[in-house]
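Comments concern the structure below.
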Amino acid sequence: MSKYITTIGLEIHAELRTQTKMFCDCLNAEEMHPNVNVCPICLAHPGTLPTPNEKAIMHVLRVGAALGGELASITKFDRKNYFYPDIPKGYQISQYDQPLVKNAVLECYVQGEKKSFDIERVHLEEDTGRLLHSDPSTSSGQATTRVDYNRAGVPLMELVTKPVLHTPEEAEAFASNLQLILRYLGVSYANMDKGQMRVEVNISICKEGEEKLGTKVEIKNLNSFRSVGDSIRYEVLRHEELLKKGKKIVQETRGWDENKRITFSQRKKESAHDYRYFPEPDIAPLVVGDHVLGEAVLKEISTKEIMTSLPELPVPRLERLKKEYGLDFKDAEVLVQQKEVAEFFEKSVSEAGELEHGVDKKKIAKLAHNFLISDLYGFLEGDTVEWGALKITPENFGHLVVLFARGEISSRVAKDVLREMFETGAECHAIIEEKGLKQVSDEGALETIAREVIAEFSDAASDYKKGKEVSLQFLVGQFMRKTKGAANPELAKEILKKNL
Ligand SMILES: [Zn+2]
């Protein structure tokens, strides 16, 4: 039986974070009501002129620089002509043959293995309006469609990979890593469920050893990474079934049914020439680089400035965290999922190091990681608090880790104090002082408590002496209650035994 090879290319759109839209002064913001962020320019009234948003251009250039792409020295906008109610102009301002970025590469880990994927281009365009289809079964029996132009003209980045991906896992990893990079750069919120990042999959299969790629199918409406992977898995099986039966694959656009988890035929694919691209006559070409041409409408954009503005990106950070703090891959990976979390972790470990000279940094890091991921994350999720609203400072968190590392507080107390720090933002030493939670490790003090417990619960004490092991557990429990959990239970047991 012959084996099939899957070839995948991705087209990813991301709405950019800017104050205003791409070509007008309307706000680029989420709205409760339709058609409130609109003006004659984004509604395409005749005679209006577009002015490019410089911030959006910088965003795309920064993405290009972060992905090691070639930044255009001269770039321009083009009109992509088509008729649809969501685009009132009858064309979309996009970029055709001179995109802002060409030939970039995204490096990421796929199931623990580092891979790199070639990117064809990254360009800038405007988003379209949103069509709201009513459900005829709930609205007076008649299907209607309304249009909301709030989104029309929002700056939109489009990234197109080369057809270099081969598995659903690679596609998921590519998309989730790109999302992280966009967030690290602060250029997009990139929430897939809000449509701020949208992934389209181009997929074909061919027999192993065949030169020519199979017929390409495009899948749209994917609003999660899981849907990206699952739709690919579904399509691969569908294509294989068709080919085995000697049938042809139709070149088309297919949608993804989120509930049934299957793809379905939407429409035959238009080819590029149907759009009749031509240069946008209302916007002069732009110059990027360290020289200015007379015609540029934007001020000179320095590529050096772009390069120096880049933060440390997720993959290099992951690798550094592994090496510097001795974390394993999974532990480092969970930290880099949010830039702020990784920063919090590093600041707290650094603060702990300040307090505790000569302490094993990797040991402190491991403890900090455990409290952060097992406990703090649990509180955040339980109370549905966003990381940004966290009341604990990394310095204070670092102090708590040191107290635990020194054995001054027990693990139980550390968790309770952390909970209180999470709720109130109070300083850990203050909480411990106020509640008398310091771990009692002074032998003399523990002896006194042990004698008190034995005197108070003399029945249990004599039961133990008669051989009832469970009574000792009871006495340890009473001992811990007296010290409000601040004693080491093992030590308490030893001292009780000694005094019995
Ligand atoms: Zn507008």
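The values are calculated or read from the model by the stated rules, or taken from the named source; none is laboratory data. What you are looking at is a predicted structure, and each value in this text was computed from that prediction instead of being measured. All Cβ positions, glycine included, derive from the backbone under ideal geometry; neighbour counts span all protein chains shown. With ligands, DNA and RNA removed, areas are computed over all heavy atoms of the protein, side chains included. Shrake-Rupley method; radii C 1.70, N 1.55, O 1.52, S 1.80 Å.
For the reader, a short list of remarks on this structure follows.
- Of the residues Ser411, Asn223, Gly209, the one whose Cα sits farthest towards the positive end of the charge dipole of the chain is Gly209 (charges of +1 on Lys and Arg Cβ, -1 on Asp and Glu Cβ, taken about the Cα centre).
- Degrees between helix 489-499 axis and first principal axis of the chain (Cα, 0 to 90, nearest 10): 10
- If only the Cβ of Lys and Arg carry +1 and only the Cβ of Asp and Glu carry -1, the dipole of segment 314-435 around its Cα centre is close to 500 debye.
- Overall, the anisotropy analysis places segment 314-435 in the oblate class: the square-rooted eigenvalues a ≥ b ≥ c of its C-alpha gyration tensor yield a/c not less than 1.5, with a/b not exceeding b/c.
- Expressed in Å, the radius of gyration and Dmax of the Cα atoms of segment 1-89 are 18.0, 63.
- In the chain, the DSSP-assigned H stretches of four residues or longer account for a calculated mean residue ellipticity at 222 nm of -12000 deg cm²/dmol, using -39500 (n - 2.57) per stretch and the full residue count as denominator.
- Put a plus charge on the Cβ of each Lys and Arg, a minus charge on the Cβ of each Asp and Glu, and nothing anywhere else: the dipole of segment 443-499 about its Cα centre is then about 80 debye.
- Over 19 Å between alpha carbons, listed pairs Lys322/Lys391; Lys162/Lys260; Lys366/Lys484; Lys323/Lys362; Lys435/Lys484; Lys89/Lys194: Lys322/Lys391; Lys162/Lys260; Lys366/Lys484; Lys89/Lys194
- Here the accessible area is traced with a 1.4 Å probe on the protein chains. For the chain, carbon and sulfur cover 51 percent of it.
- Loop-located GluC sites (Glu not before Pro) in segment 1-43, at most 14 other Cβ atoms within 10 Å (DSSP): Glu30, Glu31
- Electrostatic dipole magnitude of segment 4-307 [Cβ: Lys, Arg +1; Asp, Glu -1; Cα centre; debye, to 20]: 680
- Trypsin sites (Lys or Arg not before Pro) restricted to segment 386-447 and DSSP loop, no more than 12 other C-beta within 10 Å: Lys391, Arg406
- Shape class of segment 141-210 from the alpha-carbon gyration tensor: oblate, with a/c at 1.5 or above and b/c at least as large as a/b.
- Taken one residue at a time, the phi angles of segment 53-63 give Karplus couplings (6.51, -1.76, 1.60, θ = phi - 60°) of 8, 5, 4, 5, 5, 4, 4, 5, 5, 5, 4 Hz. Gly and Pro are set to x.
- Size descriptor, Kirkwood hydrodynamic radius, that averages inverse alpha-carbon separations across the chain, Å: 27.3
- Overall form of segment 443-499 per C-alpha gyration tensor (a/c, 1.5; a/b vs b/c): prolate
- In the context of the full set of protein chains, residues of the chain present 50 Å² of accessible surface per residue (probe radius 1.4 Å, heavy atoms only).
- For the chain, the residue among Gly326, Gln266, Leu243 whose Cα projects farthest onto the positive side of the dipole built from Cβ charges is Leu243.
- Cα gyration tensor of segment 368-475 - equivalent ellipsoid semi-axes, whole Å, descending: 36, 16, 11
- A straight line joining the Cα centroids of segment 225-272 and segment 138-170 runs 17 Å.
- Neighbour net charge for Gln179 - beta-carbon separation under 13 angstrom, K R +1, D E -1: +1
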